[in-house]
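Below: one structure, written as structure tokens.
No lab work stands behind these numbers, since they all come straight from the coordinates. Keep in mind that this is a model prediction, so the values were computed, not measured. Every residue, glycine among them, receives a Cβ derived from its backbone with ideal geometry; neighbour counts consider all protein chains shown.
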């Protein structure tokens, strides 16, 4: 079973799947690039992934 993501993490995961950079994600969500990086590390941790590509595939598969 996949660990549930928080609301903000789910938003970040969706934008990662759309191919946005951390800088662009930060601008879209009005948060700093550093905060985006922190969310992405948390997402990777919770899901046991090690790349943005895996996050994108996971979002694309409709599991989030």
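Points to keep in mind about this one:
- When the stretch 19-40 is limited to residues that are in contact with a helix residue (DSSP H, G or I) (Cβ under 8 Å, 6 or more places away or on another chain) and surrounded by fewer than 14 Cβ atoms within 10 Å (Cβ to Cβ), the one that is farthest from residue 62 (Cα to Cα) turns out to be 32.
- Selection from the stretch 51-64 of residues that are in a loop (DSSP other than H, G, I, E, B) and in contact with a helix residue (DSSP H, G or I) (Cβ under 6 Å, 6 or more places away or on another chain): 64
- Residue 41 vs. criteria part of a helix (DSSP H, G or I) and free of Cβ contacts under 8 Å to residues at least 24 places away in the same chain: yes
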